[in-house]
Amino acid sequence: MALQHLLPDDWSVILRLCRRIMQYTTPVALRQYTVTLLDLFPADHFAEKHAGEHRHEHFEAHLILSGALTYRIGQKIYYPQAGHLLLHGPGVPHEWDVSHASMRCLVFEFTIAPACAHIRQPMSVVPDAMLRDMAALCAELDNPQDGWSDRFSLRLQLILSYLLDLIGEDSADESVELPYRMEVLHTIRYMQLHMGSHLTLDAIAEANCVPKRSLIRMFKEDTGQTITDWLTECRMKQAAHLLVSTDQSITHIAEQVGIPDVSYFGKCFRRYMETTPKRYRNAVYSLLPDEPHASQRSCKVR
């Protein structure tokens with residue numbers, strides 16, 4: 001995705017969107033960490049601007065949208081340009097200089113608990129998937145539709161996960177192992193976010209910039225499941241949650257989890273839950289001592 005299509009041209013609109021993102025942001029649990037976005041804001045630096053050495057008590061990431069600059073982190077010097085992501089940890093001395101042309105970027109300030117400060121990749125190319133999620137997040141806020149808050153939370157989780165993937169344990173050892181390879185983690189997050197859509201293996205592989213055969217092999221090796229089985233199981237767990245927490249019809253729930261064919265949805269649900277959606281809903285609420293839930297009183301099966 002071209003960077004010029006990531007955000008609106010109007011800088012004031014970008015600032016407003018960043019403020020709205022911060023308005024709805026909450027701490028995000030990722031693996032064994034809790035990531036908290038402290039601030040997100042656009043920075044527009046003109047030529048000849050310089051920031052002397054300074055430090056922060058938090059992580060800071062710069063997503064370069066246009067232009068270029070010279071950036072020193074500790075004793076190393078980097079030359080990021082449009083399309084690069086620059087990251088440094090808390091307490092690390094750094095300074096930057098915009099020498100020749102103006103530079104625009106998005107700045108992420110965030111914390112991670114428990115603490116980890118080792119940066120695997122101080123400078124990297126921004127993943128296409130991160131750009132797509134940023135653009136979709138802004139579009140979601142600009143024109144919110146039903147269920148937008150859930151999609152917002154998942155997209156924010158995805159965006160922060162890309163940053164976390166560049167950070168290791170608070171150690172000089174760079175051989176820290178993740179539970180899954182990054183390609184598999186990104187695939188899982190993508191499927192969680194787009195669960196309600198019609199997903200194909202080709203689309204999932206393309207979204208994660210990985211050849212389909214390689215992704216199928218890696219996913220099976222890391223999780224022990226095929227991509228299709230994992231996605232179906234995830235959809236059934238979400239459907240089970242919706243059956244007992246809402247009074248939505250089974251037809252509508254099937255559509256929400258990405259299986260609009262209610263007959264096929266029923267077959268999948270029986271395979272994973274060993275009962276029908278209607279019986280599952282009624283069985284759960286028959287155990288409640290209080291007045292039946294609305295979904296039990298008016299269960300709509302169409």
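The values are calculated or read from the model by the stated rules, or taken from the named source; none is laboratory data. Worth saying up front: this structure is predicted, and the values here are computed from it rather than measured. Don't worry about glycine lacking a Cβ; one is built from the backbone with ideal geometry, like all the others, and counts go over all protein chains shown.
General observations
- Subset tally (residues that are closer than 16 Å to LEU160 by Cα, at pLDDT 80 or above and either surrounded by fewer than 16 Cβ atoms within 10 Å (Cβ to Cβ) or not aromatic (Phe, Trp, Tyr) (or both)) for the stretch 96-121: 8
- Of residues in the stretch 240-255 being modelled with pLDDT under 90 and assigned to a helix (DSSP H, G or I), the one nearest to GLN145 (Cα to Cα): LEU242
- Contact map, the stretch 143-156: first residue without any contact (Cβ under 8 Å) to a residue 60 or more places away in the chain and closer than 17 Å to LEU37 by Cα, second residue of a type in the set (S, T, N, Q) and in a helix (DSSP H, G or I), Cβ cut-off under 9 Å, separation 6 or more or different chains; pairs are LEU154/GLN192.
- The single condition among (1) without any contact (Cβ under 8 Å) to a residue 60 or more places away in the chain; (2) within 25 Å of the chain's Cα centre (by Cα); (3) within 21 Å of ILE188 (Cβ to Cβ) that CYS268 does not meet is (2).
- Residues that are β-branched (Val, Ile, Thr) and in a strand (DSSP E or B) within the stretch 20-43 comprise VAL28, THR34, VAL35, THR36, listed in sequence order.
- Annotation: of all residues in the stretch 200-249 being in contact with a Cys (Cβ under 8 Å, 6 or more places away or on another chain) and among the charged types (D, E, K, R), the one that is surrounded by the fewest Cβ atoms within 10 Å (Cβ to Cβ) is ASP247.
Residue by residue, here is whether (1) in a strand (DSSP E or B); (2) closer than 27 Å to HIS186 by Cα holds:
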site	(1), (2)
HIS62	yes, yes
LEU86	yes, yes
GLU95	yes, no
GLU109	yes, yes
ILE112	yes, yes
ARG132	no, yes
CYS138	no, yes
LEU141	no, yes
ASP150	no, yes
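- Enumeration of residues in the stretch 208-221 that are in a helix (DSSP H, G or I) and out of contact with any Leu (no Cβ under 9 Å at 6 or more places or on another chain): ARG213, SER214, ARG217, MET218, PHE219, LYS220, GLU221
- Within the stretch 256-280, being among the aromatic types (Phe, Trp, Tyr), within 15 Å of THR232 (Cβ to Cβ) and at pLDDT below 90 holds for one residue alone: TYR272.
- Matching residues in the stretch 256-282 - criterion: being in a helix (DSSP H, G or I) and either touching an Asp or Glu at 6+ places or on another chain (Cβ under 7 Å) or surrounded by fewer than 16 Cβ atoms within 10 Å (Cβ to Cβ) (or both): SER263, TYR264, LYS267, ARG270, ARG271, TYR272, LYS278, ARG279
- Some residue of the stretch 122-138 being farther than 17 Å from LEU65 by Cβ and surrounded by fewer than 14 Cβ atoms within 10 Å (Cβ to Cβ): no
- Subset of the stretch 44-60 [crowded, with 16+ Cβ neighbours inside 10 Å and either under 13 Å from ARG104 (Cα atoms) or not assigned by TED's automatic domain parsing to the domain that holds LEU87 (or both)]: HIS45
- Some residue of the stretch 43-53 being under 24 Å from the mean Cα position of the chain (by Cα), modelled with pLDDT of 85 or more and within 19 Å of MET123 (Cα to Cα): yes
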